[in-house]
1. Any idea of B:LEU190's accessible area? Nearest 10 Å², probe 1.4 Å.
2. Provide the FRET efficiency to the nearest 0.05 for the B:ALA45-B:LYS472 pair, computing r from the beta carbons and using R0 = 25 Å.
3. Given a 1.4 Å probe and the protein chains all in place, what does the accessible area of B:LYS472 round to, in Å² to the nearest 10?
4. Can you list the trypsin sites (Lys or Arg not before Pro) in region A:15-58 that are in a DSSP coil and have 14 or fewer other beta carbons within 10 angstrom?
5. Ordered by residue, what ³J(HN,Hα) values in Hz, to whole numbers, does region B:138-151 give under the Karplus form 6.51 cos²θ - 1.76 cosθ + 1.60, where θ = phi - 60° and Gly and Pro are x?
6. Given a cut-off of under 8 Å on Cα pairs at least six residues apart, what relative contact order in percent is computed for chain A?
7. Computed on alpha carbon atoms, what radius of gyration and Dmax characterise the protein assembly as shown, expressed in Å?
8. Give the nm distances, rounded to one decimal, from A:LYS427 to the matching residue in every other copy, measuring between label points 7 Å along Cα toward the beta carbon; shortest first.
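The values are calculated or read from the model by the stated rules, or taken from the named source; none is laboratory data. The structure displayed is predicted, hence computed values, not measured ones. Here the Cβ positions follow ideal geometry from the backbone for every residue, glycine too, while neighbour counts run over all protein chains shown. SASA here: full protein model, heavy atoms, side chains in, ligands and nucleic acids out. Shrake-Rupley method; radii C 1.70, N 1.55, O 1.52, S 1.80 Å.
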There are 2 protein chains.
Amino acid sequence: MSQAIQQSVAVNIKKNEAFAATAERLIPELFYEVCRPQHLIKVIASEEAVHGWRTEVVQSADELPSLALGKGDEVILDFGKHLVGKLSLHIGPDGSPPDAPLFLKVTLGEMPVEMGESFAEYKGWLSRSWLQEETYHLDVLPHTLHMERRYSFRYLKLQVLDTSVKYKVTFDDVSCTTVTSASPEMIVPLKHPDGELARIDEVSIKTLEDCMQEVFEDGPKRDRRLWLGDLRLQALANYETFKNYDLVKRCLYLFAAYPTDKGLISANLFMKPVVIPDDTYLFDYSLFFVASLSDYYEATQDMDTLRELWPTAFRQIELSLERLDTHDIVQDDNSWWAFIDWKDQLSKVASAQAILIYNMKSALQLATILEDHNQEFLQLRIEQLTAAALQFLWSDKLHYFVSGEQQQISWASQIWMILAGVIDEAKGKELLVRLLEEKPGLSLSTPYMMHHLIEALIQVGERERATLEIKKYWGQMVKDGADTFWELYDPENKNFSPYGSYLINSYCHAWSCTPSYFIRKYHL
Amino acid sequence: MSQAIQQSVAVNIKKNEAFAATAERLIPELFYEVCRPQHLIKVIASEEAVHGWRTEVVQSADELPSLALGKGDEVILDFGKHLVGKLSLHIGPDGSPPDAPLFLKVTLGEMPVEMGESFAEYKGWLSRSWLQEETYHLDVLPHTLHMERRYSFRYLKLQVLDTSVKYKVTFDDVSCTTVTSASPEMIVPLKHPDGELARIDEVSIKTLEDCMQEVFEDGPKRDRRLWLGDLRLQALANYETFKNYDLVKRCLYLFAAYPTDKGLISANLFMKPVVIPDDTYLFDYSLFFVASLSDYYEATQDMDTLRELWPTAFRQIELSLERLDTHDIVQDDNSWWAFIDWKDQLSKVASAQAILIYNMKSALQLATILEDHNQEFLQLRIEQLTAAALQFLWSDKLHYFVSGEQQQISWASQIWMILAGVIDEAKGKELLVRLLEEKPGLSLSTPYMMHHLIEALIQVGERERATLEIKKYWGQMVKDGADTFWELYDPENKNFSPYGSYLINSYCHAWSCTPSYFIRKYHL
């Protein structure tokens, strides 16, 4: 997810101190690695390349210290892979003693386009403060510049805005100390006979690794928050790879520690300066606490956590049920928001109805394990909501689920109804195959929704088609240069950005890391 | 002086460890004071104002914390007086939790023009890195931003380049911790009946105070180095005001500690990362070591220092005499440089000849005190150089001293010949009065050369005229808004800059601080 959803609600937070303390105790060990640039490169405008920019190696980065850079000079360094960490630059003077400060601009980018296009031209609606660039005045040289902020990048541009006519500068050492809470030792090599899937798995794992910090972040370049919807998918990939169960547990406790006084869980948490629940509440994200807890229990059998967090999970169901109208259908009005996908025109009612049912089924499983008295209630309401969905959201005329007053057909609605089991497996298979055949209505925008398409295909037994779709989507992203998977990707419109500029897109994004989950869990 | 003189010489430095250790022991105590802004102001284009900008108070700075600033908003703060120190800004969020970093631009200026004109337009030839502006990305709010560098300013502009649509920021506290090695307790109030002179004295003292740091800096906004020519004038003002004799002593030892292997003293020293003598050597500046030592002895009667530094001083005379041609006149060619004044067309031969004689007379005084065997040699050579000056540099036809092949008449040549006593007091008086009457040839560019005009007027007994000229020059600067005296000032061309832009001029500059010396020493 991302931070710019505008639904803000004035609420009172009722902090659960015990849960917060548990989360605090689970702050993960961090792993560090020092990386150095591989190449000096240039970026070249190219119509074939994504966003119109490709890179070309100029020389080895070993040559960097021998280059003296004066006013107006610049170099672009390629670290050879995506990194999340802090930069250090050792800068020396060359010539007379420096008689004026060094005025230096540093630009970092995950993609060649960030090296090629000027950030000054940025006109997106998301804050330009996410664009990774800094300027420094260094009064004394030599100097080791330890850049304070953490960056997410592969490419680094150093521009000497000014020195003086009497001296230039050299960059004697440039390094990045990367950080992650993912232990590389936990990864079991895949050794997949299909090289393309093996590569997709590698890139997925790197994506997850770079997003695993003190929490599961959604994107280390931008935002850096703990979002519930992203957490759910990261956790699934994590169970098949790094197996950092405590990090998932920590995140669940964090969400449970900061509900509203009604018990509603925020869509995301800020981690600094202290933990702050965002004032954004999303119908689907709050509900995914239930599924996430269920997935966690399935992976760990951690009954203590399940027992402790169950009331929080069940409360999300109760609050969501309050949104139903007299027909047991989720009501659409201006007082709510569901994410579903990055698609402005998307009617979210049908997907939200299905997501509610989906999570109620997770809740029922947990209630059964816990022998909770709400089992019967859940069973009854699942049946009622399913019946309502079939009665009011299925169009016999259109042969698709429809959403909203406009009877909108969208892929999201079909996929979620299948995932929620509103129709049986056979009908689901027929619907999904027909959907991919006929391609009606609103398609998918994000790797997040693509994940759910793949999950649905596997659920209805279409494993080969699932593999094919993974290759068509994530495989094409690899071919387009991804060394971590991107927040947004539309093979038909590679410049797509919901923010008005692809410069601000995140190119290492948590919700895109799930191919490893599919490939490893389902042995694709 | 300033840093951009291009004469660089490849030399070997022969460090005197004992002198360096003495200088190190004399690192001064520093005095700190916390200052806060007085007003929120705006700057307004105005044809009457210096550089075309005046300020207008908008409201009290006490109102600042109540202002929430979003993308594109800015405030300008006026601290009410010139400051040298470090800034701290306490910045808080206003609105939803900050979901994007704050992108902040901070611009500092000594003059309204630095608030009014964009630094992006700067086209001077001095490094733009001296323009005082910084940008910051702050990931976490609230935050106290302790800006690392030391600034020289009165005005502070805060521009919010971006936040996000969900929050703004407030500046809850803004403060500057000033620093100086000048103890305010040492100042004896002047209580001068002439209010204008009293104010000129105040501004002079503030100028000196802000330039007194770990050494006598030439200008705290730019350069910040120890220049010998500036040191000499600062020391004179210091003896009449702050009386920090040890700081002068420290600076003399610093210069003496880093001569070339021939014994030549650099025009200036860099103080960081370690003491480094600049590779700029100026004929006049090296010689002024002699006058500076003589002034120091006169102020302190510190015979130990005199005895220890005398060989260094005498060596400057010896080396300067090597520049004489067979007629005992300073040779002009491409292998030397003298500063004299910021005036490109100025022929420097006559001034240099006079400055050599001037310092030889200082040397003779010191040699007499020390009973040094070079007294006779100095006496003889002073007479020979004086005779040569009168024979070859005085024009009977033009009735002025002339310089160079073009027989150039300049004010600098006349003033220095008078100060050197090449002509007697009566003739000097006649020459100087006629100079100010006829205004021939090249006039003066800097407060540095203005100082020498005033000194010459006093020397020939024209005290009233000296007072008048101080008021016409420094008094007019005060009327034009100076709260410290400027590096450059031409009442006829207030936009003058030798650097191609008045944005980069220094508006608190050591060599401009000497009115207090004149007013207090000579009871003007």
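1. Using a 1.4 Å probe on the heavy atoms, I get roughly 50 Å².
2. Here the calculated transfer efficiency is 0.35.
3. 110 Å²
4. A:LYS15
5. 10, 6, 10, 10, x, 8, 9, 8, 9, 5, 6, 7, 8, 10
6. 18 percent
7. 37.5, 121
8. Taking the point 7 Å beyond Cα along Cα→Cβ, the inter-copy spacings are 12.0 nm.
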